[in-house]
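Single-structure report; data block below.
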Amino acid sequence: MKNILVVCALSAELNEIKQILKDAKFRDIKISFFTVWMGNYNTILNLTRFLENNSFDFVVNIWICWYKDKKIDAFQVARIYNLSNSKEVIVPNLIDFLSLESIACSEKILTDNTILKEENFVDMESYGFEMVCDSFKIPRILLKIPVDKIWSETKNFDFEKAKLYLSKNIDYITLLEKISLYLEKQEEKIDFEKYFDIFNFTFSEKEIFKKLYYRYKSLIWSDFDTYFEENIQLNKKLFLKWLEEFLELYLIK
């Protein structure tokens, strides 16, 4: 049984998604739902507490966002730029579902689009969501639905329009099918012995290697065997140290 968590900011909008997914017939998928409330800080606190006590194979963040100029039905987040600390993160592209877009993340509702500079989309939770899921090493996807244009519409948020877009702009059945296929591929048996034979790892070193291997597969699209062959001449302690430092480049700072 695959356990999938759907995360939204507010319960009213999450209920729209529940209504759609309740009739989905996936015998091998269990779907749970969770709301974090608005903003990065609420997302970080509430999602962290929830994941500390619950285990999931995949997490989906679905929520609305605002746009500056370009309006599209929905998109998949590939990059997040945090306006409060000027840091960016790249979201692992695990599933080819919607068009990939960059999004800014703000601690407050914006009414001045000049703050975005070259960014076209903005929300209030994506940076916190990505930070938490990355820390737990959980596969995830962030889906955003542009609803209001920044300025007057952000001052008068239309919940009914948001609920309509949430129900109409994403093909939830196809999304679940793609997630299920992704998880099935991850369950394929991995032959770790071919790596262990080279380095003669101790038991604890094998566990460290496995953790770093799965982190690599989650963060980086390139073949791990290529990286392995390029660094096979190192001693085992240096190999593990360099691999961890290499992966640190892809984690949120």
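The values are calculated or read from the model by the stated rules, or taken from the named source; none is laboratory data. Bear in mind the structure is a predicted one, so any value in this text is a computation, not a measurement. No Cβ is skipped: glycine too gets one built from the backbone with ideal geometry, and neighbour counts run over all protein chains shown. Surface areas here come from the heavy atoms of the whole protein model, side chains and all, with no ligands, DNA or RNA. Shrake-Rupley method; radii C 1.70, N 1.55, O 1.52, S 1.80 Å.
Of the listed residues TRP151, TRP63, TRP242, the order by accessible area with a 1.4 Å probe, largest first, is TRP151, TRP242, TRP63. Charge dipole (Cα centre; +1 on Lys/Arg Cβ, -1 on Asp/Glu Cβ; no other charges) of segment 1-118 amounts to roughly 200 debye.
The local environment of LYS206, defined by Cβ-Cβ distances under 11 Å, has a net charge of 0 under the rule Lys, Arg +1 and Asp, Glu -1. On the basis of the beta-carbon distance and an R0 of 25 Å, THR114 and ARG79 show a calculated FRET efficiency of 0.80. Calculated mean residue ellipticity at 222 nm for the chain: -13000 deg cm²/dmol, from DSSP H runs with n ≥ 4 weighted as -39500 (n - 2.57), summed, divided by the residue count and rounded to 500. Summing charges over all other residues whose Cβ lies under 12 Å from the Cβ of ASN15, with Lys and Arg as +1 and Asp and Glu as -1, gives +1.
Considering only DSSP beta bridges whose two residues both sit in the chain, what percent are antiparallel, to the nearest 5? List each step's numbers first, then the result.
Values: 8 of 36 bridges.
Of the beta bridges lying entirely in the chain, close to 20 percent run antiparallel.
The figure for LYS217 is an accessible area of roughly 80 square angstrom, using a 1.4 Å probe on the protein chains alone. Ranked from largest, the principal axis spans of the Cα set of the chain equal 63, 44, 30 Å. Based on every Cα atom in segment 75-188, Rg and the maximum pairwise Cα distance Dmax equal 15.3, 51 Å. If each of GLU248 and TRP37 carries a label point 7 Å out from its Cα toward its Cβ, how far apart are those two points in nm? So the two model labels end up 3.4 nm from each other.
When you count, for each residue, the other Cβ atoms within 10 Å and take the mean per peptide, how do 235-241, 56-62 rank with the highest first?
Final packing ranking: 56-62, 235-241.
Among ARG49, ARG215, ARG27, what's the order by accessible area (1.4 angstrom probe), most exposed first?
Descending order: ARG27, ARG49, ARG215.
Simple point charges give the picture: +1 on the Cβ of Lys and Arg, -1 on the Cβ of Asp and Glu, and for the chain a dipole about the Cα centre of about 480 debye. Each listed q (0.16, 0.28 Å⁻¹) maps to a log10 I(q)/I(0) for segment 112-154 from the Debye sum over equal C-alpha point scatterers, namely -0.56, -1.04.
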